[in-house]
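Working notes for the structure below.
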Amino acid sequence: MSERPVLEEISQGQRDRLAFIDLRLRFVGVIGRQDVVSRFGIQIAAATRDLATYRDLASRNLEYDARGKAYVRGAYFRPLFEFPVERVMTWLSQGYGDSQPSPVRSLVPCEVPDALNRPELGIVSVVTRAIHQHRPMQVSYRAMSSGLTSREIVPFAVASSGVRWHVRAFDRKSGEFRDFVLTRIVDAELLDGPVPQRETAANDIQWNRIVDLVLGPHPANVKHPDTVEADYGMVDGALKVQVRAALAGYVLRHWNVDCSPNHGLKGAEYQLCLRNRPALYGVTNLVLAPGYESAVKA
């Protein structure tokens, strides 16, 4: 009698194929050998072995449909792999894995709005290499306040505001840690030379500080708070979120969170309010937080 396979002992390549089978069964409900062959470029015999291995690992997850000559989701399906919902939604809308893009890749009909700004991949490649190699960069950058300038930066991370991509870096011109919008970098090149400790991520206070935000349904703009609670998976009417201080303003702006003292912002777009406003003390990019900066000036 052959031993039952152990998932942890299976090669990474086969684990990827088993995860694909698991995804198809879970969200589409059917998987055939040709699906595996087409996705991974393997032979029919190899796809057959993968399906057999999956069946050995989770026999109740699939049943063979002789008429359709494919496996269908079993009545007692339990996922063999668990992934963050963000990855699953990307797979469903854009296709599984890291293969070369093709015209039709989504597993189900899915529409994703086009991004209004797209970083130039040549620039992105310089930024990511600088981060990986711990090297400074020379960039030509278009700022809203000063226009096109040249400066040296020391990048250490990329981050999304929910609307656009930034690179977090030490700016040698201002002597501060700042965010640079990737689409505003006109030209970039790697530089040689040492990076002093004070220019590294370890010294970026706003990046390393974690802010605990407590969000709730807006008391004035939401007629049925239970709907908002369900939307965001709130517990006892509250959603607790941990974010880096450097990103807090972006998060609050992206989700239109009313940060005013008395939750006085009007409009259907403000469905959430910030319940622990003092948590934002010392956060430097609060000009982005709805209702916060105006209240401070007042």
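No value in this document is a laboratory result; all are computed from the given coordinates. Values in this document were obtained by computation on a predicted structure and should not be read as measured data. Cβ placement follows ideal geometry from the backbone for every residue including glycine, while neighbour counts extend to all protein chains displayed.
Taking every pair of distinct Cα atoms and averaging 1/r, then inverting, what Kirkwood hydrodynamic radius in Å comes out for segment 93-252?
About 18.6 Å, per the Kirkwood formula over Cα pairs.
With a 10 Å Cβ neighbour count serving as the proxy for reagent exposure, in which order, fewest first, do HIS132, HIS254 appear?
On the way: HIS132 8, HIS254 14.
Arranged by neighbour count, lowest to highest, HIS132, HIS254 become HIS132, HIS254.
Sort TYR250, TYR232 by Cβ crowding within 10 Å, fewest neighbours at the top. Don't skip to the end; give the middle numbers.
Numbers: TYR250 22, TYR232 16.
With the fewest neighbours first, TYR250, TYR232 line up as TYR232, TYR250.
Calculate, in nm to one decimal, what ARG87 and ASN208 gain on full extension: separation in residues at 0.36 nm each, minus their alpha carbon distance.
On the way: separation 121, 0.36 × 121 = 43.56 nm, distance 2.53 nm.
Length difference between fully extended and current span is 41.0 nm.
Helix 245-254 against the longest principal axis of the chain: what's the angle in degrees, Cα atoms only, rounded to the nearest 10?
80 degrees
Could you give the dipole magnitude of the chain about its Cα centre, charging the beta-carbon of Lys and Arg +1 and that of Asp and Glu -1, in debye to the nearest 20? Mind showing how you got there, number by number?
Values: 37 positive and 33 negative charges, 38 e Å.
Rounded to the nearest 20 debye, it is 180 debye.
So for the chain, what are the equivalent ellipsoid semi-axes in whole Å, largest first, each being the square root of 5 times an eigenvalue of the Cα gyration tensor? Before the final figure, lay out each step's value.
On the way: eigenvalues 372, 169, 60 Å².
Listed largest to smallest, the semi-axes of the chain are 43, 29, 17 Å.
How large is the direction-averaged shadow of the alpha-carbon convex hull of segment 121-204, in nm²?
Details: hull surface 21.0 nm².
Reported value for the Cα convex hull: 5.3 nm².
Kirkwood Rh, Cα Rg: Rg to Rh for segment 1-49? Before the final figure, lay out the partial values.
Working: Rg = 11.5 Å, Rh = 11.6 Å.
The Rg/Rh ratio comes out at 0.99.
With no solvent and one point on each alpha carbon, what is the Debye value of log10 I(q)/I(0) for segment 209-297 at q = 0.14, 0.20 Å⁻¹?
Evaluating at q = 0.14, 0.20 Å⁻¹ gives log10 I(q)/I(0) of -0.43, -0.88.
How many nm separate the modelled label positions at VAL112 and SER145, each set 7 Å beyond the Cα in the direction of the Cβ?
Going from the VAL112 label point to the SER145 one covers 3.4 nm.
What GluC sites (Glu not before Pro) does segment 1-72 have in DSSP loop regions with at most 14 other beta carbons within 10 Å? Don't jump to the answer; show the numbers that get you there.
On the way: sites: GLU3, GLU8, GLU9, GLU63; in loops: GLU3.
In loop regions of segment 1-72 (DSSP not H, G, I, E or B), the sparsely surrounded GluC sites (Glu not before Pro) are GLU3.
Using a Förster radius of 22 Å, what is the FRET efficiency between ASP192 and HIS132 based on their Cβ-Cβ separation? Nearest 0.05, please. Please list the in-between numbers first.
Working: r = 15 Å, r/R0 = 0.69.
Efficiency computed from Cβ-Cβ geometry: 0.90.
What is the sum of charges, Lys and Arg at +1 and Asp and Glu at -1, for the other residues whose Cβ falls under 12 Å from the Cβ of ARG275?
Numbers: positive: LYS240, ARG277; negative: ASP212, ASP236, ASP258.
Within the 12 Å Cβ shell, the charges total -1.
Suppose we look only past 21 Å in the calculated P(r) of segment 7-94. What percent of the Cα-Cα pairs does that tail hold?
25 percent
Do you know the relative contact order of the chain, to the nearest whole percent, from alpha carbon pairs under 8 angstrom that are 6+ apart?
Numbers: 463 pairs, mean separation 30.5, N = 298.
Averaging sequence separation for qualifying contacts and normalising by length gives 10 percent for the chain.
Could you give the length gained by full extension between ASP226 and ARG78, i.e. 0.36 nm per residue of separation minus their alpha carbon distance, to one decimal place? Mind dumping the intermediate values first?
Values: separation 148, 0.36 × 148 = 53.28 nm, distance 2.97 nm.
Gain in length upon complete extension: 50.3 nm.
Please arrange VAL6, VAL124 by counting, for each residue, the other beta carbons lying within 10 Å of its beta carbon, fewest first. Write down the numbers at each step before the final one.
Working: VAL6 8, VAL124 17.
Ascending number of Cβ neighbours within 10 Å: VAL6, VAL124.
Do any trypsin sites (Lys or Arg not before Pro) in segment 11-77 lie in a DSSP loop with no more than 13 other beta carbon atoms within 10 Å, and if so, which? Don't skip to the answer; put the middle values down first.
Working: sites: ARG15, ARG17, ARG24, ARG26, ARG33, ARG39, ARG49, ARG55, ARG60, ARG67, LYS69, ARG73; in loops: ARG67, LYS69.
Listed in order of number, the matching sites are ARG67, LYS69.
Setting aside same-chain residues fewer than 8 positions from LYS223, which aspartates and glutamates have a Cα under 20 Å from its Cα?
ASP231, ASP236, ASP258, GLU269
Give me the distance in nm between label points sitting 7 Å out from Cα along the Cα-to-Cβ direction at LYS173 and ASP236, one decimal.
4.9 nm
Work through the residues other than GLY193 whose Cβ is under 14 Å from its Cβ and net out their charges, Lys, Arg +1 and Asp, Glu -1. Provide the component values of the computation, followed by the final result.
On the way: positive: ARG135, ARG172; negative: GLU152, GLU189, ASP192, GLU199.
Residues close to GLY193 contribute a combined charge of -2.
Between beta-carbons, use under 14 Å as the cut-off and find the net charge around ARG151, counting Lys and Arg +1, Asp and Glu -1. Mind dumping the intermediate values first?
Details: positive: ARG142, ARG172, LYS173, ARG178, ARG184; negative: GLU152, ASP171, GLU176, ASP179, ASP187, GLU189, GLU199.
That works out to -2.
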